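Derivation of every value follows stated rules applied to the coordinates shown; laboratory data play no part. Model, not experiment: these values are computed from the prediction. Counting neighbours? That spans all protein chains shown, and the Cβs are built from the backbone with ideal geometry, glycine included.
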Amino acid sequence: MSQSFFDHFAAQASSQPSAPALIWDGETIAYGELAAMAASASADHGVSELPADRPVGIRARKSPEAIALILACLQTQRPFLLPSVELAPETLGKLFAQAGVSRVLEPQGRRSESASLRAIEETPAEEAEPSQWPPAGGGDDISFMLTTSGSTGLPKVVPLPEGAVDRFTDWAALQFDIGPGTVVANYAPLNFDLCLLDIWTTLKHGGCVALVDQDRATNGGYLADLITANEVNVLQAVPMLYRLLIDVTREDGRSFPSVKHAITTGDKIPATSLEALPGLFPNGRFFNIYGCTETNDSLIHEFRGLADGVVPTNVPVGQPLPGVRTLIRSDDGAFLDGTGTGELLVWTPFQTRGYLNAELNADRFAPHPEAGNGETTYYHSGDVVRRHEDGSLTLEGRADFYVKVRGVRVSTQVVEQAIQEHPDVIEVAVVAVPDDLAGKRLHAVLRREPDSKLNSLTLRKHCAERLARTEMPSTIEIVTESLPKTSTGKIDRKRVLARLEEMTHANG
Amino acid sequence: MDDTTAKIKQFIVDEFMPDVSVDELDSDFDLLTGGVVDSLGLLQVVAWLETEFDVGVDDSQLGPESFRTVDAIKTFVDEARGTANAG
């Protein structure tokens with residue numbers, strides 16, 4: 001049997017015990033110390049006495065203690081569910097119940113006071129979320145269980161097999177040259193899949209992780225100081241981090257020569273940010289990574305020539321990582337050979353075998369219908385991509401946002417973006433309303449700045465310069481109050497639509 | 001502003017953009033590109049023209065170009081009335 005993740009970490013701890021493993025709040029924790037912290041976390045929580053065939057829950061904000069606790073689970077081969085600590089206690093309780101956890105652990109032995117654990121214990125039996133453990137395909141080889149936001153209801157639990165984590169962390173180390181002496185900044189919260197690169201690849205391969213404190217993650221000065229002081233070599237973050245760094249360095253003219261690899265992921269990076277990267281990181285190479293929790297990183301694009309002013313306005317999502325297979329399925333269900341648009345289907349060596357709640361898999365995981373034996377399960381990304389003549393892919397939007405208006409395919413997301421570009425628009429939702437004649441017609445609801453004179457005519461003039469005729473909303477509603485939001489703070493288009501239908505029924 | 005143009009503007013605003021005041025609507029504003037009047041809205045406009053100005057609109061005249069702007073609609077009305085008077 002191959003070495004486990006923990007074996008690799010332990011080997012680093014014994015061969016280079018005084019090498020730095022973590023930097024937190026200005027303090028350095030060496031590999032030897034971190035291994036000792038993991039051992040005492042294991043002992044304090046009695047992890048090895050917990051049932052071996054059931055997962056544990058971990059409720060932890062980012063800290064060295066939290067990382068030590070995860071290492072203890074990896075050492076004792078207990079699968080662990082690591083949800084966001086920002087979730088409501090009730091939601092956390094449901095997630096832990098669904099995973100069938102034997103215990104919820106918190107760093108520093110505060111498990112008995114855990115609000116989430118109490119929430120589970122206090123949930124009446126008839127309302128309790130039934131345990132879905134083990135996942136389809138078995139739970140023996142599961143290590144990390146991460147969550148991904150569902151559009152409705154509970155976040156979805158994504159169990160990751162050890163082999164998937166192993167293959168991913170080896171790819172990432174090779175790609176970004178992570179090993180002893182490398183300093184990798186970790187920007188994302190501890191429960192994000194991005195940590196498989198920043199934190200777990202680094203600890204497996206003997207590098208040092210500079211942890212960004214979650215509470216200071218939007219403080220550009222703090223972030224710039226952390227990169228400079230720790231001579232960070234690898235940086236992976238959402239475009240916002242780069243924006244913060246650009247803004248803060250504009251005043252002092254500082255740059256970050258230590259950074260060799262700067263990776264943007266999770267969102268489209270604006271051209272204005274891309275242009276500034278070579279100045280910010282004079283020795284850097286620049287990458288865009290496309291991936292999701294279910295498959296982990298899938299596609300990578302390297303920006304070449306940024307320093308010479310070669311800045312793409314539409315960022316390519318890139319080429320498949322080694323071993324990754326992609327398909328593009330067009331509207332009519334056929335797979336594209338050449339250029340065109342369609343939903344991206346992905347298979348990666350790093351992917352989950354499916355959600356813990358197997359009922360959710362039908363929409364998202366399916367074998368390649370032309371593969372015959374159905375061995376390979378593709379993940380349906382829900383992202384619509386365009387394949388260009390040179391083979392490169394660019395993101396067009398989310399499949400969920402595509403509707404047919406008078407027979408023409410329109411992305412409500414594109415319409416929203418165009419309206420959002422008007423300076424007086426605070427927020428906007430565009431929904432497709434069923435229409436007897438047109439099939440669907442577009443309705444835009446937008447909230448304008450309080451002192452704005454924006455009306456439907458000025459907005460239509462604005463949109464006419466940006467949108468095709470078919471993309472133009474049939475009706476525009478301008479409001480001054482906030483649009484309805486989901487629990488995660490995103491605009492709740494379902495409620496916007498429901499309210500509209502109520503009004504239509506009331507009037508009709 | 002002549003009477004016909006004022007009436008057309010008032011109708012467009014009342015029907016399709018009640019949040020806008022009549023003076024804001026320029027008579028050369030492209031109603032089709034602006035998405036104010038779509039193909040269904042066009043039928044409403046035609047039905048109104050027929051009653052309001054007592055003009056007959058036969059299908060062969062029903063090209064969108066005649067209804068692209070308030071000015072175009074006025075020209076259409078003037079011509080339709082001119083034809084009616086001559087016959």
Quiz prompt | Interchain or long-range residues, amide H under 5 Å from A:GLU396's placed H | solution = A:VAL384, A:VAL385, A:ARG386
Exercise. Would you list the membrane-span-like helices of chain A, meaning whole DSSP H runs whose alpha-carbon atoms span at least 24 Å along their axis and whose mean Kyte-Doolittle value is at least -1.0?
Key: none
Self-check item: Estimated [θ] at 222 nm from DSSP helical runs (n ≥ 4, -39500 (n - 2.57)) normalised by residues in the protein assembly as shown, nearest 500
Solution: -9500 deg cm²/dmol
Quiz item: Which whole-angstrom value gives the distance between the alpha carbon centres of the stretch A:374-403 and the stretch A:1-39?
Solution: 39
Quiz item: Over the stretch A:306-366, what is the relative contact order in whole percent, taking alpha-carbon pairs under 8 Å and six or more residues apart?
Solution: 24
Exercise. Under 1.5 on a/c is rounded, so check that first for the stretch A:174-235, then, if it is not, pick prolate when a/b is larger than b/c and oblate when it is not; a ≥ b ≥ c are the square roots of the alpha carbon gyration tensor eigenvalues.
Key: oblate
Quiz item: How big is the stretch A:1-75 in terms of Cα radius of gyration and Dmax, in angstroms?
Solution: 12.8, 39
Self-check item: Rounded if a/c under 1.5, otherwise prolate or oblate - the stretch A:283-365, Cα gyration tensor axes
Solution: oblate
Practice problem: Please report the relative contact order for chain A, taking Cα pairs under 8 Å with a sequence separation of at least 6, and give it as a percent rounded to a whole number. | Solution: 9
Self-check item: R0 of 35 Å, Cβ-Cβ distance A:ASP44-A:ASP215: FRET efficiency to nearest 0.05
Solution: 0.90
Quiz item: Cα-Cα pairs above 19 Å in the stretch A:401-471: how many percent?
Solution: 33
Practice problem: Grab the Cα-Cα distance for A:ALA362 and A:SER392, subtract it from 0.36 nm times how many residues apart they are, and report the gain in nm with one decimal. | Solution: 7.9 nm
Quiz item: To the nearest 0.05, how large is the calculated FRET efficiency for B:SER27 and B:ASP58 if R₀ is 22 Å and r is the Cβ-Cβ distance?
Solution: 0.30
